[in-house]
Amino acid sequence: MAENKGILVYGELTEGKLAAITTELLGCGRKLAGELNEELSCLLVSDSIGEAGKEAIAFGADKVYTAEDPSLKQYQVESYLQVIDRLVKDTAPRIVLFGQTAAGRDLAPHIAFKAETCLSTDCLDLSIDPETKLLLQTRPVYGGNAQATFVSELLPQIATIRSKAMSPLEQDDSRPGEVIPTKVEIDTSAIKVKVVETVKEEISGIKLEDAPAIVCGGRGIGSAEPFNTSLKELAELLHGAVGASRPPADNGWVSEAMHIGLTGKIVAPDIYFAVAISGASQHIAGCSGAKHIIAINKDPEANIFKEAELGVVGKYEEVIPALTGKLKELLSS
Amino acid sequence: MPNMIVCCKQVPDPEAPPSLFKVDSAANKMVIASDVKPVIGQYDEFALEAALRIKGKQGGKITVLSLGNKIARDVIKKSLAVGADELILLEDEAFEESDSWATAYALAAAIKKVGEYDVIFCGRQSSDWDAGQVGIGIAEILGIPAVTLARKVEFSDGSVKIDRVIPDGYETVDVAPPVLITVTSELGALRYPALKGIMAAGKKQPIVYKPADIGLESSQVGAAGRHINLSKLFQPVKEAKCEIIEGENGEEAGVNLALRLREAKLL
Ligand SMILES: Cc1cc2nc3c(=O)[nH]c(=O)nc-3n(C[C@H](O)[C@H](O)[C@H](O)COP(=O)(O)OP(=O)(O)OC[C@H]3O[C@@H](n4cnc5c(N)ncnc54)[C@H](O)[C@@H]3O)c2cc1C
């Protein structure tokens, strides 16, 4: 077997541009490539890649493989897997990195089991053991109650990385690099899962991932309404967004797209109001990147007070309108 | 009528207070306080509920598989009490400390032994190690398609229709069985067992398989069958220092919080 060499990043596009998570993966990949003194490449799969290949080079890739084909317009796990699996076999990378995204969560385990190797999902830190050159893969376990560093001798070494865990490089359009188009051959007879319909739930206003302020409501909110009234009013005042813990999403009070945490969105706003949220580790996993966490909870023993910087022990029905009213006054003066 | 298999893992209650989860760094092991009760993983319960809904409409058979050692009968038998037909435990010391690979490998071997299946359900991820790999791994080993993050599953002759969660919405996919499906929380909570179910479950005995019963050597399972090793387990230290903003009542505390946020220049 050929010697495994180099790092391959599976890149994702949003609206024709490199996704933020991909710039973060390239930032991390560049660091690892430096430690190994090997190349960093990136694979982009889409019906239309445009300038994203050049963007990937500007963010740190030495080589960008593009797989561009009309059949790849929509993400479909089996067709995307065929493309990725072939490139992994052809280029024999030492390390393959995915984002801990909808696609990455789906694709990476398939690739790891196909290669009969292993995978660490949702990594927060990756480094190279200088002696063995093996990848040290650190990820949260027990919902974030602890962290574990894993290591394996099997190649390729595969990991998915949590969004916002790594820093991208400064974009440098003068970086040299090569875009290599690959031939896309999909064996359609192997496609078993047919996408019949896609339903997008439109969220108005600013996206949670980009919001500088988030007002996040939990099970203690009790119903759908306050998410559209008192919580929303506070969020709008702060030019932010409303989010939720898992129970409001499971109960259908809010859209699933608003769910923050280990199995939801990972956010890192400047300020995060956790309202009627107990502070389970799986929820904190999604918001621990916030610069300031403010807790409002009627239970003084709630775990959220161990995570927050400022807190009020009280009923949100009383605290939130008063807080919003006073802030309105203070922010306008 | 569909033959369904649901994989369920026993885990320490993931909702127990974080202070009850400690790390023994010398032994590289989690130390979980004895007041933390074992439960079936949350997403495995959602997976079981998905199977029960199909059984409610189309009939069929549900076999629950669980891998581990010292599996508490009263915990895992909840699956029988809510309506599963058969319970198979892969239970042996040799299965301890399995990683995702060893777990998927043994479960796939057991599924081959069960033989007939149309749909295999797994939770989207375990409620302890959170890796989210075993379901997809089983599908790869068996060479069948996997559909992840199901929030609704419908079975009709020769076709399974699944609504799966995607960023900002969902998509409906169609696939011919056999298929492996991982289930997420929006599907809905597991039903409560009825008294009749609890009584019936009490009388049923699980089938217990050792590695040899599913055609595996001890070198292929548990710690010996791992593909990845745990080199370090630790707990990042947190400095807890929450400043509580007081007030005569909730309104006053809200006003004081606004003042404090401005004073600290957080807003
Ligand atoms: C594998 C796994 C993954 C998970 N992923 C996620 C995830 O991504 N995101 C997530 O959020 N959870 C996740 N969970 C679930 C998590 O463990 C908790 O169950 C969940 O976060 C609890 O949500 P909560 O704090 O809103 O509700 P609860 O824990 O029920 O807390 C409600 C809080 O509201 C307070 N309250 C009630 N009424 C009022 C009032 N009037 N005013 C003020 N306070 C009030 C109560 O004191 C209580 O503290 C996951 C669990 C598992 C096992």
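The values are calculated or read from the model by the stated rules, or taken from the named source; none is laboratory data. Owing to the predicted nature of the structure, the values given are computational and were not obtained by experimental measurement. Note that we place each Cβ from the backbone using ideal geometry, even for glycine, and neighbour counts take in every protein chain shown.
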Condition check: surrounded by fewer than 16 Cβ atoms within 10 Å (Cβ to Cβ) and either within 27 Å of residue B:219 (Cβ to Cβ) or within 16 Å of the ligand (Cβ to nearest atom) (or both). Does residue B:94 satisfy that? no
Quick test for you: out of B:84, B:26, B:110, pick the one residue that is away from the ligand (no atom under 16 Å from the Cβ) and either without any contact (Cβ under 8 Å) to a residue 12 or more places away in the chain or within 14 Å of chain A (Cβ to nearest Cβ) (or both). B:26
Tell me, please, whether a residue that is modelled with pLDDT of 95 or more and closer than 19 Å to residue B:99 by Cα can be found in region B:234-249. yes
Please pick out the residue among B:186, B:239, B:154 that is free of Cβ contacts under 8 Å to residues at least 40 places away in the same chain and more than 7 Å from chain A (Cβ to nearest Cβ). B:239
In region A:204-215, which residue that is out of contact with any Leu (no Cβ under 8 Å at 6 or more places or on another chain) and not β-branched (Val, Ile, Thr) is surrounded by the fewest Cβ atoms within 10 Å (Cβ to Cβ)? A:204
Restricting to region A:209-241, name every residue that is away from the ligand (no atom under 16 Å from the Cβ) and more than 21 Å from the chain's Cα centre (by Cα). A:228, A:232, A:233, A:235, A:236, A:237, A:238, A:239
On the basis of being among the basic types (Lys, Arg) and buried (at least 20 other Cβ atoms within 10 Å of the Cβ), does residue B:151 make the cut? no
Test of understanding: among A:308, A:280, which residue is at the interface with chain B (Cβ under 9 Å from one of its Cβ atoms), of a type in the set (A, V, I, L, M) and under 21 Å from residue A:163 (Cβ atoms)? A:280
Could you list all residues from region A:222-233 that are touching a strand residue (DSSP E or B) at 6+ places or on another chain (Cβ under 8 Å) and under 19 Å from residue A:298 (Cα atoms)? A:226, A:227, A:231
Scanning region A:280-313 residue by residue, the ones that are touching a Leu at 6+ places or on another chain (Cβ under 7 Å) and of a type outside the set (A, V, I, L, M) total 3
Residue in region A:17-32 that is part of a loop (DSSP other than H, G, I, E, B) and not small (Gly, Ala, Ser) present: no
Checking residue A:288 against (1) within 14 Å of the ligand (Cβ to nearest atom); (2) within 25 Å of residue A:331 (Cα to Cα); (3) within 10 Å of chain B (Cβ to nearest Cβ), which test does it fail? (2)
Based on what the data block shows, is residue A:295 at the interface with another protein chain (Cβ under 9 Å from one of its Cβ atoms) and touching a Cys at 6+ places or on another chain (Cβ under 9 Å)? yes
Enumerated strands (runs of 3 or more DSSP E) restricted to region A:118-159, each holding at least 3 residues that are closer than 21 Å to residue B:136 by Cα: A:119-123, A:135-141
Residue list for region A:256-279, restricted to those being in contact with an Asp or Glu (Cβ under 9 Å, 6 or more places away or on another chain), in contact (Cβ under 8 Å) with a residue 24 or more places away in the chain and near the ligand (Cβ under 6 Å from one of its atoms): A:262, A:278
Please work out if residue B:117 is more than 8 Å from every other protein chain (Cβ to nearest Cβ), more than 16 Å from the ligand (Cβ to nearest atom), in contact (Cβ under 8 Å) with a residue 40 or more places away in the chain and not in a helix (DSSP H, G or I). yes
Given the criteria assigned by TED's automatic domain parsing to the domain that holds residue B:136, at pLDDT 95 or above and loosely packed, with under 15 Cβ neighbours inside 10 Å, does residue B:263 qualify? no
Please go through region B:125-151 and pick out each residue that is farther than 19 Å from residue A:100 by Cα and either at the interface with another protein chain (Cβ under 7 Å from one of its Cβ atoms) or hydrophobic (A, V, I, L, M, F, W, C) (or both). B:138, B:139, B:140, B:141, B:142, B:144, B:145
